[in-house]
Amino acid sequence: MGIYVYAEKPVPPSQDPFFQPPAGFENQAPGSVLRIQELPSLSLAIYTRYQNVKHAYQILYRTADGLGAPTATVTTILVPYNADNSKMVTYQAMQASTSWDCSTSFTLRKTHDLPALVAQVELLALDSLLERGWYLNLPDYQGPQSLFGIGAMGGHAILDGVRAAVGASDHIGLDPHVSIQLWGYSVGALATGWATYIQKTYAPELNIVGVFMGGTPVNVNVTLATVNEGLYSGLAFTSYNSVALQYPNVSAYLDSVLLPEKKDAFYHSLNLCFPEMVRTYAFQDISTYFNRPDYLDSPLLSNILDDISLSNKIMPPHIPIFMYHASMDPVTPFRVIPAVYDEWCKNGASIELIEDQLGDHQSMYVTGLPNMIIHMEQGFNRTTNNSTQQPITPTCSHRKVLTSLLEPKALKVLGKGLKGALDGIFSFPLGPKHASN
């Protein structure tokens, strides 16, 4: 493991030598720490302000892409003041981009930068977790090719990022037997679901005690058809380009059916972060870029889109899953969720599904946050009190609520979350006032 000297001015991953794996890294085991650097505590930006955490680390580690080929990516570890080193949340950010330079590890360190603002707004939500003393693990789960929506890539990178954090436990002060909970929203939930799906066979040694998935695009085909011609139609351009990056035969197919005069505009999405992507492709019809209306009917493309979806996977019974979704979500339609939920439960998964009658894809991220944190606290408490680590009894429930903000204690947690966000904005120390026992 190499200790790296941090560069004061953030450098894009494509130009930063820290992100380049050393020769022979492919021969290391998945999750091996290749390089580590400590960032200044005031180095994580919210536009013009900086977060104040006790420690911030970045770890370059070995993982695998969606086809199992060796690759390396980075995770950012945040340590609050008075941290409880026995608890860690791994959060998968909403990185809707195929540009490496839009990765969370970089966008969280940029100031005065609108393309980075989405990740920095997410950081305000994460302040609620830091205020509880939990370690935060923020992997660049899409890897150096920024493989947006490629579930297996995300699953590998998430689990290997946890392995890397545990492997660096002496350096970052983490309990090697740490209890871990996974959380993701939107595309981050897709990757989180994949990590859950493969954990038992890929990384069974990890002590994952809970999974939280919000606004989950369980069926990629349905999601891409839904967003087309809408505000977020750029997600379709980004997704197809991402699939082409991972699967060369798809790249050749798409190139053969693209209109020559539209190719440059289609491939331009490869270089854009989310805000720029929205602005560039809003309300466009992606089908107008192709020379045949049935371009999606290719078995090659449709089979791969099915393969990277969660809708035809079976969730394991050993990890409790908390799902929250808005009934009127215009990006990831709720209508496909009940059948997937029923199938997962029929096969032994333990799921609590909350369906909000109000809100949409964006607002649900905020309104669902307090109730999710309550369940996350319960998950950590359940682990602490279950010293013998008895297996859970699988149970499923699907509840419709007007809004998750009306759930017991949710408004109180929201108030505490707003205080945490203000602490973050004004660079106050993030963490509980007193050390954990």
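A short reminder: the numbers here are calculations on the coordinates, not readings from a lab. Since we're looking at a predicted model, the values are computed, not measured. Cβ: placed from backbone, ideal geometry, glycine included. Neighbour counts: every protein chain shown.
What does the helix-only formula give at 222 nm for the chain: each DSSP H stretch with n ≥ 4 adding -39500 (n - 2.57), the total divided by the residues, and the result rounded to the nearest 500 deg cm²/dmol?
-11000 deg cm²/dmol
How far apart, in nm, are the 7 Å Cα→Cβ label points at D342 and N207?
Using points 7 Å along Cα→Cβ, the separation is 3.9 nm.
Any idea what the relative contact order of the chain is, in percent, if you count C-alpha pairs under 8 Å spaced at least 6 apart?
About 18 percent, as a whole number.
Could you tell me which residue out of G420, F18, P260 lies farthest along the dipole of the chain toward its positive end? Charges go on the beta carbon: Lys and Arg +1, Asp and Glu -1, centred on the Cα centre.
Positive-end residue among those listed: G420.
When DSSP assigns beta bridges and you keep just the ones with both residues in the chain, what percent turn out antiparallel, to the nearest 5?
40
Using alpha carbons only, how many angstrom separate the centre of segment 158-175 from the centre of segment 16-30?
If we compute the Cα centre of each part, the gap is 17 Å.
Mind ranking 188-199, 358-369, 243-254, 397-408 by how tightly packed they are, going by the mean number of other C-beta atoms within 10 angstrom, highest first?
Top of the packing list down: 188-199, 358-369, 243-254, 397-408.
Where the centre of each part is set by its Cα atoms, how far does segment 264-279 sit from segment 62-93, in angstrom?
Cα centroid to Cα centroid, the span is 27 Å.
Go through G31, G154, W100 and say which Cα lies farthest out towards the positive end of the charge dipole of the chain; charges sit on Cβ, +1 for Lys and Arg, -1 for Asp and Glu.
Among G31, G154, W100, the one farthest towards the positive end of the dipole of the chain is G31.
Looking at the square roots a ≥ b ≥ c of the eigenvalues of the Cα gyration tensor of segment 142-287, which shape do they give, rounded for a/c under 1.5, prolate if a/b is larger than b/c, or oblate?
prolate
Peptides 132-140, 163-171, 55-63, 291-299: what's the order by average Cβ count within 10 Å, highest mean first?
Ranked by mean Cβ neighbours within 10 Å, highest first: 132-140, 55-63, 163-171, 291-299.
Under the √(5λ) rule applied to the eigenvalues of the Cα gyration tensor, what semi-axes describe the equivalent ellipsoid of segment 222-307? Give them in Å, descending.
Values for segment 222-307, descending: 19, 14, 13 Å.
Over segment 153-218, calculate the relative contact order: mean separation of alpha carbon pairs under 8 Å at least 6 apart, over the residue count, as a percent.
Across segment 153-218, relative contact order equals 41 percent.
Of the listed values (1) 5, 23, 34, 27, 10, 1, 0; (2) 4, 20, 28, 26, 17, 4, 0; (3) 4, 19, 27, 23, 14, 7, 4, 1, 0, identify the label whose number matches P(r) over Cα pairs in 10 Å bins from 0, in percent calculated from this model.
For P(r) over Cα pairs in 10 Å bins from 0, in percent, the calculated option is (1).
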